[in-house]
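Undergrad: Okay, here's the structure, questions in a sec.
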Amino acid sequence: MKLEINIRLNAANRCYYVLRTLFKSKLLSRKTKEHLYISYIRPVLTYACATWATTKGDDEKLRLFERKILRKIYGPVFNNSEQKLKIRTNTQLYQLYKREDVVQFTRVTRIEWAGYVWRADGSILKEALTYMIRGKRPRGRPRKRWKDSVKELLEEIGGDWEQGYNRERWKELVLAAKSLNGS
């Protein structure tokens, strides 16, 4: 997944540099710039994020990229006591942004897609999810699998795989995942 995430980050960075004149513009409002980010850059960044099994390092890379763009949108803040501009802190950025961060977005997308896969009886997706591979895993720390990351998220929000058959209950779990703070 590290390679895929790096490819997505590079593509989103290219998209950002194409739009950087709009982000620098004083004529556009912050709301419009947020809309540009959500409409153009975030989809490039999170393409196929439902299939990612991210680690904490991957999540931090995604957050770092998002904060870079948010800092460009909101700009620095003037400090009256020191009479100079200061960079906004991460908490200030997210208080101004008032939306789910990119990691929370990827988690919600992952859990939505997991419900779809679980309900797809008789499909190759469900077979791949439930298939048990014979043999041993290699020595050392096992790599994080997509199924493991979904299971962790379900445990965090108090859900279970079997609730995937009940669409209404799964929607409640997706809403619970949206209410998580993303960290």
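Undergrad: Please go through the stretch 45-67 and give me each residue that is free of Cβ contacts under 8 Å to residues at least 12 places away in the same chain and under 17 Å from Arg14 (Cβ atoms), ordered by number.
TA: The answer is Leu64, and nothing else.
Undergrad: Given Glu82, Glu66, Glu34, which one is among the acidic types (Asp, Glu) and open to solvent by 80 Å² or more (accessible area, probe 1.4 Å)?
TA: Just one listed residue meets the conditions, Glu82.
Undergrad: When you check Leu28 against the structure, is it over 18 Å from the mean Cα position of the chain (by Cα) and among the aliphatic types (A, V, I, L, M), yes or no?
TA: Yes: the conditions hold for Leu28.
Undergrad: Is it fair to say Val77 is of a type in the set (Val, Ile, Thr), more than 30 Å from Arg145 (Cβ to Cβ) and free of Cβ contacts under 8 Å to residues at least 60 places away in the same chain?
TA: yes
Undergrad: Would you please name the residue that is farthest from Val102 (Cα to Cα), looking only at residues in the stretch 27-42 that are out of contact with any helix residue (DSSP H, G or I) (no Cβ under 9 Å at 6 or more places or on another chain) and of a type in the set (A, V, I, L, M)?
TA: Leu27
Undergrad: Going by what's in this entry, would Arg67 be described as in a helix (DSSP H, G or I) and either outside the structural domain of Thr32 (by the TED database) or under 12 Å from the mean Cα position of the chain (by Cα) (or both)?
TA: no
Undergrad: Cβ contacts < 6 Å: first residue farther than 19 Å from Ala48 by Cα and without any contact (Cβ under 8 Å) to a residue 24 or more places away in the chain, restricted to the stretch 143-161; second residue in a loop (DSSP other than H, G, I, E, B) and open to solvent by 100 Å² or more (accessible area, probe 1.4 Å), any location; separation 6+ or different chain. Result?
TA: none
Undergrad: Additional query: Against the definition (assigned by the TED database to the domain that holds Val174, in contact with a Phe, Trp or Tyr (Cβ under 7 Å, 6 or more places away or on another chain) and not acidic (Asp, Glu)), how does Arg8 come out, yes or no?
TA: Spelling it out, it is not the case that Arg8 is assigned by the TED database to the domain that holds Val174, in contact with a Phe, Trp or Tyr (Cβ under 7 Å, 6 or more places away or on another chain) and not acidic (Asp, Glu).
Undergrad: Next question, about the same structure. Could you pull out the residue among Arg99, Arg42, Arg107 that is in a loop (DSSP other than H, G, I, E, B), under 30 Å from Lys171 (Cβ atoms) and in contact (Cβ under 8 Å) with a residue 60 or more places away in the chain?
TA: Going through Arg99, Arg42, Arg107 in turn, just one is in a loop (DSSP other than H, G, I, E, B), under 30 Å from Lys171 (Cβ atoms) and in contact (Cβ under 8 Å) with a residue 60 or more places away in the chain: Arg99.
Undergrad: Would you be able to tell me the number of residues in the stretch 116-163 that are among the hydroxyl-bearing types (Ser, Thr, Tyr) and within 20 Å of Lys178 (Cβ to Cβ)?
TA: Final tally of qualifying residues: 2.
The values are calculated or read from the model by the stated rules, or taken from the named source; none is laboratory data. This structure is a prediction, so every number in the text was calculated from the model and none was measured. As a convention, Cβ positions derive from the backbone with ideal geometry for all residues, glycine included, and neighbour counts pool all protein chains shown. Accessible surface areas use protein heavy atoms only, side chains included; no ligands, DNA or RNA. Shrake-Rupley method; radii C 1.70, N 1.55, O 1.52, S 1.80 Å.
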